[in-house]
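The values are calculated or read from the model by the stated rules, or taken from the named source; none is laboratory data. Because the structure is predicted, anything quoted here is derived from the model rather than measured. With ideal geometry, Cβ positions are generated from the backbone for all residues, glycine too; neighbour counts draw on all protein chains shown. Accessible surface areas use protein heavy atoms only, side chains included; no ligands, DNA or RNA. Shrake-Rupley method; radii C 1.70, N 1.55, O 1.52, S 1.80 Å.
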Amino acid sequence: MENMPIWLTYFASIIFGLIFGSFVNVVILRLPKGQSLVRPNSRCPKCKKAIRWWDNIPVLSFLVLCGKCRTCHKPISLRYPVIELLTALLFLTCRVRFGWTPVLFFRDWPLMMLFVSVAFIDLEHHIIPDQLSLGGLALGIATCWAVPQLGWKSSIFGAVLGFSVFFALAWSYQRVRKVSGLGGGDIKFLATIGAFLGPSGVVATILISSVVGSLVGVGWALMAKKQKLLKLSIPYGPFLVLGALYYYFLGDILWFQFMTPM
């Protein structure tokens, strides 16, 4: 791997990102519905016809087909190429930030896929499936040995801290307001973030997600109609993803140090 030209590693990262971004689309579409991620093969959500492999090439097929199904000619959601391109961008960013190492394949890139899946599923369904949060938690702890700055203790402590902080907040909010404030998915997902980023990453993620989430929430509330204001519900998962990504790529902003990300 070390002998590969730099440009080729960048190109490979983009190609892998597009391919796995296509799989992320499957996860986002099927996992909340409890459907298999393997079978049946990809189908048009409108006419249910199986999509041939040459019509399922990431981004390229969307452009060739002008964003329409070949069979029924109904529009294909723009979300599909957007997610593929976003995943490719994150894969490339991991390559640039962390180098061309085996860790990309079993830790960094799977985490990017997890982040994109969580963000879009939570946006659409307001849930974070246990398969993603608990599966990610296991992966974060199992692969922490690959990050010298992290280690087993920091990974486990980060997971415990992430779970404990949000669990305490959710419990307190429910006791005071008698309604649920944070979902169980958010609590478990922050534990996953802690397993990957350690305790400092948990603190940074909470800070960034709270600030960004508050700004978006205020703007959303101002635009919402008065009769809908009380029913306003904003998924928190995407903000956790933004905070975690910032720390993962740039480091610890709390003390204005660009430490090596976990």
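The figures follow:
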{"quantity": "Residue within segment 80-92 that is open to solvent by 60 Å² or more (accessible area, probe 1.4 Å), free of Cβ contacts under 8 Å to residues at least 60 places away in the same chain, over 25 Å from Gly183 (Cα atoms) and not β-branched (Val, Ile, Thr) present", "calculated": "no"}
{"quantity": "Unmet criterion (only one of (1) over 26 Å from Leu29 (Cβ atoms); (2) crowded, with 22+ Cβ neighbours inside 10 Å; (3) modelled with pLDDT of 95 or more; (4) not charged (D, E, K, R)) for Phe120", "calculated": "(1)"}
{"quantity": "Selected residue (only one of Gly140, Gly194, Gly213, Gly201 is part of a helix (DSSP H, G or I) and more than 27 Å from Val103 (Cβ to Cβ))", "calculated": "Gly213"}
{"quantity": "Residue check, Asn25 in a helix (DSSP H, G or I) and among the polar types (S, T, N, Q)", "calculated": "yes"}
{"quantity": "Residue within segment 62-75 that is of a type in the set (A, V, I, L, M), open to solvent by less than 40 Å² (accessible area, probe 1.4 Å) and within 30 Å of Tyr248 (Cβ to Cβ) present", "calculated": "no"}
{"quantity": "Sole residue being in a helix (DSSP H, G or I), more than 27 Å from Gln131 (Cα to Cα) and modelled with pLDDT of 90 or more, chosen from Phe16, Phe11", "calculated": "Phe11"}
{"quantity": "Test result for Val59, at pLDDT 95 or above, surrounded by 15 or more Cβ atoms within 10 Å (Cβ to Cβ) and of a type in the set (Val, Ile, Thr)", "calculated": "no"}
{"quantity": "Test: residue in segment 148-158 that is assigned to a helix (DSSP H, G or I), modelled with pLDDT of 90 or more, among the β-branched types (Val, Ile, Thr) and open to solvent by less than 50 Å² (accessible area, probe 1.4 Å)", "calculated": "no"}
{"quantity": "Yes/no for Arg30 being out of contact with any Gly (no Cβ under 6 Å at 6 or more places or on another chain), assigned to a helix (DSSP H, G or I), under 27 Å from Val147 (Cα atoms) and not acidic (Asp, Glu)", "calculated": "no"}
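Conditions (1) free of Cβ contacts under 8 Å to residues at least 24 places away in the same chain; (2) more than 16 Å from Glu84 (Cβ to Cβ); (3) charged (D, E, K, R); (4) surrounded by 11 or more Cβ atoms within 10 Å (Cβ to Cβ), marked per residue:
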| position | (1), (2), (3), (4) |
| --- | --- |
| Thr9 | no, yes, no, yes |
| Gly17 | no, no, no, yes |
| Asn25 | no, no, no, yes |
| Leu31 | no, yes, no, yes |
| Arg52 | yes, yes, yes, yes |
